[in-house]
Amino acid sequence: GLGAAAVIGLSIIYTWRLKAIPVLGHGVTALLSGYPLLCWMSVARFEDSVYLAFTAGYVVAGIGKEVVRTAADAPGDAAAGIRTVATLRGGRSANRIGAGVVAVALMVGWLPILLGDAGIAFAVALTLGTIAALMFGVPRLSGPPRESSRQLIFLARAIMVLLVLAVTVDLVRAGWSLF
């Protein structure tokens, strides 16, 4: 109940004030989207590095994705007087900063693999996600900001879905019930 009240309160504060604060607003959005993972982890008592790194990476990647999104939304945001990374620094900079934050999230994901805690599905998914980010994401950083933003957001979402599926597969293989 307290968690739900906090989410509602944070959502209201975000809409009222935090949305206009670059990066902080993005962080709140990412934290709110990662809230179900935090709840699931606490209920299931996941304490190993895979799920902690996955959740941290999910939230950090969410911040990066939101920063990249500002490049696609820059004209409308500028017309509405909304301060974002793209309206303050330009769309190309927003894409580069956001992609850099997503890269940090991917690096966090490698910690459980290096510690030997990750299952095969997570290791394969993170490897594929990292390769996709390098092969398809990096070339988008120099393209037209709005179109590049859309493509980078699609790529970030695809990597997140891939990792969610991989974590689910590893949970089932480890004998965890998802329901």
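What is segment 1-141 by shape, rounded, prolate or oblate, if you read a ≥ b ≥ c off the alpha carbon gyration tensor as root eigenvalues and call it rounded for a/c under 1.5, prolate for a/b larger than b/c, and oblate otherwise?
Here segment 1-141 falls in the oblate category.
Under the 0.36 nm per residue contour assumption, what length would be gained going from the current alpha-carbon distance of Val124 and Ser142 to full extension?
3.6 nm
Per residue, how large is the accessible surface of segment 26-179? Use a 1.4 angstrom probe and give square angstrom.
Per-residue accessible area for segment 26-179 comes out at 51 Å².
From the square roots a ≥ b ≥ c of the eigenvalues of the alpha-carbon gyration tensor of segment 89-179, which class results: rounded (a/c under 1.5), prolate (a/b over b/c), or oblate?
prolate
Using a cut-off of 12 Å between beta-carbons, work out the net charge of the residues near Arg140 (Lys and Arg +1, Asp and Glu -1, Arg140 not included).
+3
Between Leu52 and Thr15, what is the label-to-label distance in nm when each label sits 7 Å out along the Cα-to-Cβ direction?
3.6 nm
Loop only per DSSP, at most 16 neighbouring Cβ atoms within 10 Å: give me the chymotrypsin sites (Phe, Trp or Tyr not before Pro) in segment 102-136, ordered by residue number.
Passing both the DSSP loop test and the Cβ count: no residue.
Could you pull the accessible area for Ile63 with a 1.4 Å probe, rounded to 10 Å²?
Per-residue accessible area (Ile63): approximately 40 Å².
Give the longest segment of the chain that steers clear of trypsin sites (Lys or Arg not before Pro) in DSSP loops with at most 13 neighbouring Cβ atoms within 10 Å, not counting the sites themselves.
Here the longest segment lacking exposed loop sites spans 46-179.
Within a Cβ distance under 13 Å of Gly62, other residues only, what is the Lys/Arg minus Asp/Glu net charge?
+2
How big is the Cα convex hull of segment 71-115 in projection, averaged over all directions, in nm²?
The Cα convex hull of segment 71-115, projected and averaged over all directions, gives 3.4 nm².
Roughly how big is segment 41-160's charge dipole about its Cα centre, with Cβ charges of +1 (Lys, Arg) and -1 (Asp, Glu), in debye to the nearest 20?
460 debye
How many nm separate the modelled label positions at Leu114 and Val7, each set 7 Å beyond the Cα in the direction of the Cβ?
3.3 nm
Calculate the spin-label point distance for Val164 paired with Ala78, positioning each point 7 Å from the Cα along the beta-carbon direction, and give it in nanometres.
3.3 nm
Report, in deg cm²/dmol and to the nearest 500, the calculated mean residue ellipticity at 222 nm for the chain, where each DSSP H run with n ≥ 4 adds -39500 (n - 2.57) and the sum is divided by the residue count.
-27000 deg cm²/dmol
The values are calculated or read from the model by the stated rules, or taken from the named source; none is laboratory data. As the structure is a computational prediction, the values presented were derived from the model and not from experiment. Cβ: placed from backbone, ideal geometry, glycine included. Neighbour counts: every protein chain shown. Side chains are part of the model used for accessible areas, which takes the heavy atoms of the whole protein and leaves out ligands, DNA and RNA. Shrake-Rupley method; radii C 1.70, N 1.55, O 1.52, S 1.80 Å.
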